[in-house]
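Presented below is the structure to which this report refers.
Please treat every number below as a calculation from the coordinates, not as lab data. Remember, predicted model here, so these are calculated numbers, not experimental data. Positions of Cβ are generated from backbone atoms using ideal geometry, with glycine treated the same way; all protein chains shown enter the neighbour counts.
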């Protein structure tokens, strides 16, 4: 399962975002370090279900009238403050929690209502653009410190005649999600001495920064957009085009209202319908949320998750079935499984995603939409429904 992590300074709204995305019970408060231990839960990215091409919807619990929700892990760590890479505010512990994340959602208080320590100040008093650079720098310095602590071992290994810097760095950096390919690409783009003994702190910091960018892409979540000065949102977008205006409070309110049957709303919808009689105060609150959604195309919570998985991590959704005619598994369930795969994946990659035995025994695949056998090298597309024929079936 892909893992998306929430990072940011204290009191930016990470725990509210987490609660809205997972509906898990967590502490939420208007003060720094409400979260101490990392929260791990399951959220979903949203896509169109292939059942929209059929006469009836599939009825899967993760499909709501053709809106398919695919599970991913969401991690909420405690807020980071300047000096986190040196352990300030238990920063090393919290940064280590990000090691296995595939992407980072940087939750920023776009309202400027909290200072760099996460302490409340007047709306607009703090410049949220300053928070963007701080998180990147803390993550880079944290990773550089890991490289630095282990550099003596690389220097010793370099005295061996069969020394390979790519392999040594890959062994070191796999713990933070880097692959041999990531390391090779990074070294190709950097200028550095061939002898590791001649490397300086600047070389190691440049290595760490490039590896972080490759393995921990950051999507900016401009939270508290409902009260943020427009110039703040504009400045954040100018600093990072992928900035997503968000109201985590608004999403949480809608999710709770939907659970209570007060509104018709699915995560990612651009609007909602009020279903029951509400007090004037409740209706006014919902209409305020609607105004923000009208302006930004939704609350931003689902959009941020979808952007991280489908756009930044370049994933597609594929659906394995056993019956290519009815799109069912062995128990007759229609489209019961959805797998996220890297764009460019083949039917055999899907087979291994289902189970290693299915992959080992792979024979061929059938495109259930066209009811025809496809090449083993064919790249799968978003929403493909595939029958895997394997000796392990």
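Structure summary
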{"read-out": "Contour minus Cα-Cα distance for residue 329 and residue 174 (0.36 nm per residue)", "value": "52.2 nm"}
{"read-out": "Percent antiparallel among DSSP beta bridges (both partners in the chain, rounded to 5)", "value": "60 percent"}
{"read-out": "Region 227-375: C-alpha gyration tensor shape, a/c 1.5 cut-off, then a/b vs b/c", "value": "oblate"}
{"read-out": "Calculated FRET value between residue 166 and residue 240, using beta carbons and R₀ = 41 Å, to 0.05", "value": "0.85"}
{"read-out": "For region 317-356, convex hull of alpha carbons as volume per residue, Å³", "value": "69 Å³"}
{"read-out": "Rounded Å value of the spacing that divides the Cα centres of region 36-74 and region 227-306", "value": "19 Å"}
{"read-out": "Sequence of 17, 134 once ranked by neighbouring C-beta atoms within 10 Å, starting from the fewest", "value": "134, 17"}
{"read-out": "Share of Cα-Cα pairs in region 315-390 lying beyond 18 Å, as whole percent", "value": "29 percent"}
{"read-out": "Cβ crowding within 10 Å averaged over residues, with 163-172, 149-158 ranked highest first", "value": "163-172, 149-158"}
{"read-out": "Percentage, to the nearest whole number, of Cα pairs in the chain over 37 Å apart", "value": "32 percent"}
{"read-out": "Mean separation of Cα contacts under 8 Å, 6 or more apart, over the residue count of the chain: relative contact order %", "value": "15 percent"}
